[in-house]
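Here, each number is a calculation from the coordinates, and none is a lab measurement. Note that the coordinates shown come from a computational prediction; the quantities given were computed from them, not determined experimentally. For neighbour counting, all protein chains shown are included, and Cβ atoms are generated from backbone atoms with ideal geometry for every residue, glycine included.
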Protein chains: 2
Amino acid sequence: MTKAAICTIGDEILIGQIVDTNSAAIATALESAGIRVSRMVSLPDNREVIIESLRKLLKENDIVISTGGLGPTKDDITKAALAELSGSTRYVDNLEQKEIVRTILHSRGLDVLESNLAQSLVPETARVILNHLGTAPIMVFKIGESVLYSLPGVPHEALGAIPDVIEDIKASFPLSGILHRTVMTFGKAESALSKLLEPWEDALPADMHLAYLPNTLTGVRLRLSLYGNGSADDEKRLENELCKLKSLLGDLMYSECDDTLENALGRLLNSLGKTVSAAESCTGGEIAHLITSVSGSSAYFLGSVTSYAVSVKEKVLGVPSDVVEQYGVVSAEVAEAMAKGVRRLTGSDFSVSTTGLSGPGGDGVNPVGTVWVGVDGPLGARTCRFNYHNDRKRNIERFASAALNFLRLYILECR
Amino acid sequence: MTKAAICTIGDEILIGQIVDTNSAAIATALESAGIRVSRMVSLPDNREVIIESLRKLLKENDIVISTGGLGPTKDDITKAALAELSGSTRYVDNLEQKEIVRTILHSRGLDVLESNLAQSLVPETARVILNHLGTAPIMVFKIGESVLYSLPGVPHEALGAIPDVIEDIKASFPLSGILHRTVMTFGKAESALSKLLEPWEDALPADMHLAYLPNTLTGVRLRLSLYGNGSADDEKRLENELCKLKSLLGDLMYSECDDTLENALGRLLNSLGKTVSAAESCTGGEIAHLITSVSGSSAYFLGSVTSYAVSVKEKVLGVPSDVVEQYGVVSAEVAEAMAKGVRRLTGSDFSVSTTGLSGPGGDGVNPVGTVWVGVDGPLGARTCRFNYHNDRKRNIERFASAALNFLRLYILECR
């Protein structure tokens with residue numbers, strides 16, 4: 001199996017100023033391409049340390065992917081280290097990248113400084129993959145039997161470069177036999193899902209494997225992989241098993257790619273030409289925030305009310321005060337009245353509501369982590385209670401995800 | 001200077017399933033204690049690799065902090081590796097941790113399995129720091145001249161253990177001369193702030209240093225450090241310079257600890273006994289979400305309206321339709337009417353509003369990244385325009401931060 005190491009460079013990582021998110025994104029892409037990541041390393045902006053560490057990683061791995069250390073103020077360190085490591089004695093100017101540098105700086109209304117233009121200079125030993133999102137090009141070095149890819153450190157530039165790098169790797173290393181399919185599920189924990197799928201999973205052909213990748217916000221991602229040797233019917237055999245998996249999952253599945261609930265909900269509402277609104281208490285705006293994080297959500301999201309105070313629940317959403325008194329704020333009845341209230345207020349086709357206790361303080365009746373979710377729409381109002389056992393931040397996130405999924409299932413029923 | 005390495009253990013990191021946030025948190029704590037982090041490494045759940053890598057890190061560093069690999073299903077690998085590395089041939093049971101294991105599992109309503117109880121077994125060479133947040137204890141090994149701390153991988157357990165670990169380090173290593181003070185600022189970029197502070201910074205005593213730690217959401221954190229040798233008047237000298245710094249910053253400073261705008265806003269409102277509400281368009285619930293992420297925010301946050309559709313702006317918030325027509329949705333006039341509308345609706349003392357373009361689509365008039373922020377309160381309505389140049393997600397975050405800060409400055413004026 002082809003082996004890779006990931007190396008991030010920058011003092012800002014070692015003093016804890018930023019969290020390294022590049023490594024996980026690169027690892028995900030490598031793993032999907034069937035390449036094993038043997039280790040990850042973060043190094044300071046120190047030429048000797050960079051050279052010595054990269055040399056060792058290259059000796060132990062087929063591929064090393066580094067990010068960072070290429071900005072206009074620091075590139076003398078990393079780029080010089082890469083030049084020395086690859087035995088380069090002079091730099092050449094990549095004119096295509098130089099043009100990109102000019103274009104990017106102009107579009108931002110910035111002056112083009114010498115230090116910016118110097119970014120298109122690369123060691124003569126480097127092959128260049130253009131970086132269209134930033135000023136520093138991706139450099140590829142063949143060192144001994146191994147290949148080193150040097151990517152910029154800015155996360156959106158590093159992420160943007162990954163597909164090109166994976167393409168480049170595929171052209172040089174024999175990875176052709178691996179196929180993957182992903183489905184996203186929500187509503188069952190990993191263990192319960194595994195029980196449901198066990199008979200089918202046990203009967204999978206020896207060259208296929210199902211991986212469970214749980215995430216509290218987006219649910220359990222399932223990845224079905226075929227580790228074949230490029231046979232003509234591999235695709236068909238994989239699709240065949242995917243079909244069986246999907247029918248076992250039913251409505252637990254919400255997407256056939258790496259995805260989020262709010263994206264799936266958006267597609268569903270768009271496909272139906274319907275609108276939605278939200279009334280939030282304990283989730284405090286998180287549901288609206290998730291829905292509107294999707295580009296184009298203004299086509300189906302009309303608005304929401306965060307009714308933190310009881311007075312707002314009553315006055316703005318029209319929750320009857322005797323319902324609050326009789327059942328308490330955290331109750332099915334209040335969740336239902338909130339969902340109905342915001343649907344009436346905005347005129348949306350569907351609505352969703354939450355009332356619960358995210359913590360740390362409780363109400364003396366319900367345990368912290370309790371939430372009532374309500375929905376309203378053409379089939380009438382529905383409510384459901386969920387219980388979680390996390391801190392405030394994570395309870396809020398889990399409440400919001402549970403509400404989005406409850407709404408999704410309700411809309412599916414209305415189709 | 002004392003030197004440390006950070007090592008995270010777990011296949012889930014190397015396949016990119018989770019982003020390693022422990023390393024940055026540990027690095028921040030070490031850096032504050034005056035310890036230099038020389039590198040970070042992530043390793044697979046592989047005994048030989050763990051032993052060989054830790055041995056090398058211990059040789060090159062005074063301190064190694066590892067996290068992960070201690071769960072009930074995997075501890076045989078990491079714990080056995082640590083036993084071998086430290087020359088231990090038998091395990092001893094830590095009864096205090098065993099009691100914690102029982103208590104935690106009971107409180108979650110879970111059965112106490114053998115595999116859970118085995119977590120309190122540690123190599124005889126280990127000194128234990130109790131983990132009150134989880135089942136696996138923190139283990140401390142003296143190996144050669146260096147010290148290895150093994151922490152659990154679950155982020156809130158690892159983070160919870162950091163203060164105890166730093167205390168333990170301080171007892172063993174001579175770090176006494178270093179003092180830090182932190183202030184949080186918002187409203188000026190790093191470069192502008194640096195210009196403002198330059199004369200004072202240039203006149204700082206040789207043993208003092210100011211570090212700029214910018215963050216798009218929380219502003220620029222400033223850390224004033226004194227690298228002394230324990231003189232009696234060090235504290236006083238540092239406080240003296242801190243005073244000067246604070247007077248230069250004025251209202252740019254919002255906190256004297258590592259903090260967020262929503263926390264500072266909460267303290268301010270609590271101290272005045274006043275309430276707030278929000279009317280959000282382009283921020284789509286993010287402002288309400290930030291405000292309600294603070295424990296106890298129900299004391300001052302009444303609620304909010306996310307008015308994504310124009311109809312909700314008009315009908316719920318009472319924005320006059322001729323104002324929308326004459327000035328457009330993204331305008332000072334609409335921001336003002338939204339702020340007034342939600343204040344009227346909820347009866348809050350203060351209110352804040354946003355209307356703008358988070359992207360990717362524009363309105364043909366204003367560039368993507370434009371936001372009008374409004375506030376209303378006892379001094380009447382105010383508005384301000386901000387422009388950013390990011391993608392949708394980051395524009396939303398920046399709009400929300402700018403709005404919280406505009407509101408903070410307005411409330412300060414009303415005191």
Legend entry - Chain A Cβ-axis minimum, rotational copy B, residue and distance in Å: A:Gly285, 2
Legend entry - Phi-based couplings in Hz for region B:235-244 (Karplus 6.51, -1.76, 1.60; Gly and Pro marked x): 3, 5, 5, 5, 4, 4, 5, 4, 4, 4
Inset, instruction - Enter the mean number of other protein chain beta carbons within 10 Å of the beta carbon of each residue in B:347-355, as an integer. - result: 1
Inset, instruction - Quick one: P(r) of the protein assembly as shown from all Cα-Cα pairs, 10 Å bins, percents rounded to integers, in order of increasing distance. - result: 2, 11, 19, 24, 24, 15, 5, 0, 0
Inset, instruction - Can you tell me the dipole magnitude for region A:261-414 around its Cα centre, using point charges on the Cβ only (Lys, Arg +1; Asp, Glu -1), in Debye to the nearest 20? - result: 300
Legend entry - For A:Arg55, label point 7 Å along C-beta direction: distances to other copies, nm: 2.2
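Given a cut-off of under 8 Å on Cα pairs at least six residues apart, what relative contact order in percent is computed for chain A?
10
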Legend entry - Overall form of region B:3-172 per C-alpha gyration tensor (a/c, 1.5; a/b vs b/c): rounded
Inset, instruction - For chain B, set up a Gaussian network in which alpha carbons nearer than 10 Å are linked by springs, and say which option among B:Glu325, B:Glu256, B:Glu241 fluctuates the most. - result: B:Glu325
Legend entry - Segment B:Asp207-B:Asp233, length gained on full extension (0.36 nm per residue, minus Cα span): 8.1 nm
Inset, instruction - Scan region A:52-126 for trypsin sites (Lys or Arg not before Pro) in coil per DSSP, keeping those whose Cβ has at most 16 other Cβ atoms within 10 Å, and list them by number. - result: A:Lys74, A:Arg90, A:Arg108
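Using the Cα centre of chain B as the reference point, and only Cβ charges (+1 on K/R, -1 on D/E), how large is the resulting charge dipole? Debye, rounded to the nearest 20.
Dipole size: approximately 600 debye.
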Inset, instruction - Going by C-beta contacts inside 10 Å, put A:Lys246, B:Lys195 in order with the fewest on the left. - result: B:Lys195, A:Lys246
Inset, instruction - Between B:Ser271, B:Ser88, B:Ser358, find the one with the highest GNM mean-square fluctuation for chain B; connect C-alpha pairs within less than 10 Å. - result: B:Ser271
Inset, instruction - Before rounding to the nearest 500, sum -39500 (n - 2.57) across all DSSP H runs of length at least 4 in chain B and divide by the residue total; then give [θ] at 222 nm in deg cm²/dmol. - result: -13000 deg cm²/dmol
Legend entry - Links that overshoot a 32 Å alpha carbon limit, given the list B:Lys3/B:Lys236; A:Lys393/B:Lys244; A:Lys188/A:Lys315: A:Lys393/B:Lys244; A:Lys188/A:Lys315
Legend entry - chain B: Rg to Rh, with Rh as the Kirkwood radius over Cα pairs: 1.06
Inset, instruction - Could you work out the mean count of beta carbons from other protein chains within 10 Å of each residue's beta carbon in B:294-305? - result: 6
Inset, instruction - Could you please state, rounded to a whole Å, how far the C-alpha centre of region B:153-199 is from the C-alpha centre of region B:378-415? - result: 27
Inset, instruction - Return the Cα extents of region B:261-414 along principal axes one, two and three, sorted largest first, each rounded to a whole Å. - result: 44, 31, 24
Legend entry - Ascending list, in nanometres, of distances separating the A:Asn387 label from those of the other copies (7 Å, Cα toward Cβ): 5.5
Inset, instruction - Would you mind listing the distances between the B:Ala189 label point and the same position in each other copy? Use 7 Å along Cα-to-C-beta, nm, one decimal, shortest first. - result: 4.8
Legend entry - Within region A:143-193, GluC sites (Glu not before Pro) in DSSP loop having at most 16 other beta-carbon neighbours inside 10 Å: A:Glu145
Legend entry - Per-peptide average of other Cβ atoms within 10 Å, ordering A:219-225, A:135-141 highest first: A:135-141, A:219-225
Legend entry - Hull volume in cubic angstrom per residue (convex hull over the Cα atoms of region B:178-255): 80
